[in-house]
1. Using Cβ contacts closer than 10 Å as the measure, can you line up LEU278, LEU221 from fewest to most?
2. Could you sort out which of LYS123/LYS181; LYS193/LYS273; LYS181/LYS276; LYS71/LYS113; LYS118/LYS193 sit more than 29 Å apart by Cα distance in this structure?
3. How far apart, in nanometres, would the label points at THR284 and ALA169 be if each is projected 7 angstrom from Cα along the Cα-to-Cβ direction?
4. Quick one: putting +1 on the C-beta of Lys and Arg, -1 on the C-beta of Asp and Glu, what dipole do you get for the range 177-299 around its Cα centre, in Debye to the nearest 20?
5. Residue farthest toward the positive end of the dipole of the range 68-109, with Cβ of Lys/Arg at +1 and Asp/Glu at -1: which of SER73, CYS96, LEU85?
6. So if I average 1/r over every pair of distinct C-alpha atoms in the range 167-268 and take the inverse, what Kirkwood radius in Å does that give?
7. Most exposed first by the Cβ proxy, i.e. fewest other Cβ within 10 Å, how do GLU102, GLU157 rank?
8. Where both residues lie in the chain, what percent of DSSP beta bridges are antiparallel, nearest 5?
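Here, each number is a calculation from the coordinates, and none is a lab measurement. It should be emphasised that the depicted structure is a prediction, and the values quoted were computed from it without experimental measurement. Virtual Cβ from ideal backbone geometry, glycine too; neighbours counted across all protein chains shown.
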Amino acid sequence: MLRALALASLLALTARAADEPASPVAPGAKLEKLATGFKFTEGPAPDADGNVYFTDQPNDKIVFWNATEKKLSTFMEPCGRSNGLAFDKNGALWACADEKNELWKIDVKTKEKTVLVKDFGGKLLNGPNDIWVRDDGSAYFTDPFYKRPYWKRGPKEQDTQGVYFLSAAGKLSRADAGDIKQPNGIIGTPDGKTLYVADIGANKTYRYDIADDAALKNRALFCELGSDGMTIDDAGNVYLTRGKAVHVFARDGKKAATIDVPEGTTNVCFGGKDGKTLFVTAGTSFYGISMRTKGAARQ
């Protein structure tokens, strides 16, 4: 009887283990602090060569991490107090320029900027925070309200902390993302058909289907955790930043891994020459860890 009970227990544990998502972290990999001494890091985004651009928002600069030389340099200073960043398929860098609550597109070669969005309905945005650009040149971005000490503006002008859609033709509209308290992190799948939006105010993340007309449909709770920045890998795992950790969820919403970080995490992206390094911005520093998976396109 005891042997039978032990065997049953072992089989139950094996079945439970088989049902758990596999961790995407490379075996034996350890988080490495790549650089420090910043004031507050945010918004990492990889270019086509695996180099990473990220922001030091209080110091008003965008920093460049060379993936080959593993060295840092300043890409742009000042940079409109840029927060979240993303590249489009043509190599242009999109920036949530928080100083004047705008959305920019930056030519990486010339560093010339184009202001894509400066208001909505004749009123200032709250502060574009995080952005995901689709292959067709359209984009979704979040617009939470975080009052900044450097702002030279009046009170909050928008009646909603919402999610916006900018068409490839430049038309701005507020996406119907349902009841959201304070959206922050945002990321989509490479096929452009699924969007994840983190409601950091309600500590939840939602999943949406993207219709052919770009409308958000079939909202579903993805996980009971909010997030600052987000990314996605080629296996469909979604990476959330909250507290002193990166939280990894499989595409079905089950927890796949937790990567502990010494400082409060703000954002993540994949990069490096092989695309298998997860880069993390957290507090005053910039971190990296080797992964089994690669970053998805347009992460």
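1. On the way: LEU278 28, LEU221 11.
Ranking LEU278, LEU221 by Cβ neighbours within 10 Å, fewest first, gives LEU221, LEU278.
2. Numbers: LYS123/LYS181 20 Å; LYS193/LYS273 27 Å; LYS181/LYS276 34 Å; LYS71/LYS113 25 Å; LYS118/LYS193 27 Å.
In this structure, LYS181/LYS276 lie more than 29 Å apart at Cα.
3. 5.0
4. Details: 16 positive and 14 negative charges, 45 e Å.
It works out to roughly 220 debye.
5. The one lying farthest along the dipole's positive direction is SER73.
6. Working: mean 1/r = 0.0717 Å⁻¹.
Final number for the Kirkwood radius of the range 167-268 is 13.9 Å.
7. Working: GLU102 22, GLU157 16.
Going from sparsest to densest Cβ surroundings: GLU157, GLU102.
8. Approximately 100 percent, going by the DSSP bridge assignments.
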